[in-house]
DNA sequence: CCGATAATGTACGAACTAGTACGTTCACGG
DNA sequence: CCGTGAACGTACTAGTTCGTACATTATCGG
C-alpha cells in the first residue's frame, strides 16, 4: 500500500517540519508581538505539534530569536544589488533608495519584527550571532558612491554613509511601521498603490536634494 | 489627632489616585507593550491597589486606551507653537522641524506607545474619541507656511503638507523608535548628545533642500 | 453626629500559557 | 528483517494573570 519511496512524500522530514514551524512563527510573532504570540497558537497553525517546537528550538524565546535571524539574513542580500561600478553617483543613490523602498514594502513582516524587537530594547538580537557582517553589506556600496560624488564635487562634504542610510530607512520604515496610527489620525493610507510612485520618487529627491544642495 | 483640613493631605483623593495609576500605567505599557504589561505589576507600583484600576478604568484595555488618550492630548499643544505670522517660510519650517525634533526627544514614552499601538493595528486608538481635532493643529500652520513659500516661488509646487509632516515625523520617530536595533547593528547611538545638534540641523537641511531644490 | 455613598483594601477564582513526562511510530543500518 | 534512535503525539502540570466578590473605611450632606 504505502509507497514512500519519493523523498518529497516522506512523512518524517526534519527540514520541512523546522521550516514549517519557522514560517508560522514568523507570521505569529510579527502579528502579535513577542509577548502576545502564543506557543499553542503557533503549534495549532503548524502541521505538527507543540512538542516539535520545543524539540527543534528549545522554547518560545529561542524560536523568536530563530525567526529574527532568518528575517535578518534574508535582508543581507539586498544591498549587494547596488551597482556601484557602472552608474554615476546620483543614479546609484536613487537606485539604492528605490531598491530599499521596494524591499521594505515587500517585507512588512520584517519591519514589524524590527519594531517589536526595538520595544524589547533589541535584547534578543543582542543574544544572536547574526550581527557580524550585517552592517557591512548595507553600507559598503553606499560609502563608495558617496565618496565618488564628493570627489566629483557634486555631493556635500559632510555626507555620512550611515546618516544617509538612516534617512532612507526612516522614510521606508515609517511608511510601513506607522501606517495604522497615521491612517487613524490623518486619514491617509501611506500604502495606497496610487501614491506609491509618488513616495518612491520623493525619497530619491529627498536624498539627492540634500546631498547636492 | 487627625487634622485633615488641608486639601493636599486628603487620604482619599479621586484625582490623585487616578493620576497616579495613569502615570504608572504609562511607564509600564511604554516599557513592556500592551500584552507584556501586567496589571498586577502596575498596581504594585501604584500607591493604591489593583481594585482601583478596575474601579476607575474598568479593565486593562480601557486603562491602556486612557494612557494613549493622555499621551496624545499632551502632544496637541506642540504644533500650535509654530510662529506662522512673523517668520519667513524657510525659518518657520526649520523652526517646526527643530520643535518636533525636541519634542520627540523629550517624550520617548509617547514614541514607544505609538509603536506599540501600530503593532496592534491602531485598534485601540480607533476605539477612542480623541482623534477628532488631532490632525488639524498638526497641519494647519504647516499648510499656511508651505503656501506662502510656494507663492513666493521659493518652494516646489508639489509640496504637500502631509508629506512634509511625514518626513519630519519619520526622521524623529525613527531616531528614537529604532535606536536599539540600529545601535546593535551599526554600533551608533543615535541619541548620543554629541551628535544631537548634527541631527537637529540635518533634519532642517533635509526638508529645506527638498522644498527649494 | 449620623446615615448614605464614594472610595479603598483583601482574598480568591477561573482561564490561560509555557513547558514537560511519557508513550508511540517511523526510518535506516547492519 | 529487526533493533535502535530519531522524529513525533498526547495529556498533563505548575505557575501566572485578569478580573471580581466581599468586606471596610472615610467623607460629606443634613
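The values are calculated or read from the model by the stated rules, or taken from the named source; none is laboratory data. Nothing here was measured: the structure is a model prediction, and the numbers come from that model. All Cβ positions, even for glycine, are placed from backbone atoms using ideal geometry, and neighbour counts span all protein chains on display.
A compact table of results
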read-out: Residue among B:76, B:45 that is surrounded by fewer than 16 Cβ atoms within 10 Å (Cβ to Cβ) and more than 16 Å from DNA strand C (Cβ to nearest atom); value: B:76
read-out: Test: residue A:163 is surrounded by fewer than 20 Cβ atoms within 10 Å (Cβ to Cβ), more than 26 Å from residue A:31 (Cα to Cα) and at pLDDT 95 or above; value: yes
read-out: Check on residue A:98, assigned to a helix (DSSP H, G or I) and within 14 Å of chain B (Cβ to nearest Cβ); value: no
read-out: Test: residue B:89 is within 14 Å of chain A (Cβ to nearest Cβ) and touching a helix residue (DSSP H, G or I) at 6+ places or on another chain (Cβ under 9 Å); value: no
read-out: Within segment B:3-33, tally of residues that are at pLDDT 95 or above and within 9 Å of DNA strand D (Cβ to nearest atom); value: 0
read-out: Test: residue in segment B:158-172 that is assigned to a helix (DSSP H, G or I) and farther than 26 Å from residue A:186 by Cα; value: no
read-out: Qualifying positions in segment A:51-65 - away from every other protein chain (no Cβ under 14 Å), surrounded by 15 or more Cβ atoms within 10 Å (Cβ to Cβ) and either under 16 Å from residue A:14 (Cα atoms) or within 15 Å of DNA strand D (Cβ to nearest atom) (or both); value: A:52, A:53, A:54, A:56, A:57, A:63
read-out: Residue count, segment A:31-63 (criterion: part of a helix (DSSP H, G or I) and within 22 Å of the chain's Cα centre (by Cα)); value: 11
read-out: Test result for residue A:84, part of a loop (DSSP other than H, G, I, E, B) and either in contact with a helix residue (DSSP H, G or I) (Cβ under 8 Å, 6 or more places away or on another chain) or more than 26 Å from residue B:37 (Cβ to Cβ) (or both); value: yes
read-out: Where residue A:66 falls short, out of the listed (1) over 16 Å from residue A:140 (Cβ atoms); (2) more than 16 Å from DNA strand C (Cβ to nearest atom); (3) within 15 Å of the chain's Cα centre (by Cα); value: (2)
read-out: Conditions (1) over 17 Å from the mean Cα position of the chain (by Cα); (2) crowded, with 19+ Cβ neighbours inside 10 Å; number of the one not met by residue B:25; value: (1)
read-out: Test: residue B:131 is within 28 Å of residue B:87 (Cβ to Cβ) and either buried (at least 17 other Cβ atoms within 10 Å of the Cβ) or touching a helix residue (DSSP H, G or I) at 6+ places or on another chain (Cβ under 8 Å) (or both); value: no
read-out: Single unsatisfied condition, residue B:136 versus (1) in a loop (DSSP other than H, G, I, E, B); (2) at pLDDT below 95; value: (1)
read-out: Residue check, residue B:188 without any contact (Cβ under 8 Å) to a residue 60 or more places away in the chain, within 9 Å of chain A (Cβ to nearest Cβ) and either in a helix (DSSP H, G or I) or surrounded by fewer than 18 Cβ atoms within 10 Å (Cβ to Cβ) (or both); value: yes
read-out: Any hit, segment A:141-157, residues being out of contact with any helix residue (DSSP H, G or I) (no Cβ under 7 Å at 6 or more places or on another chain) and within 9 Å of chain B (Cβ to nearest Cβ); value: no
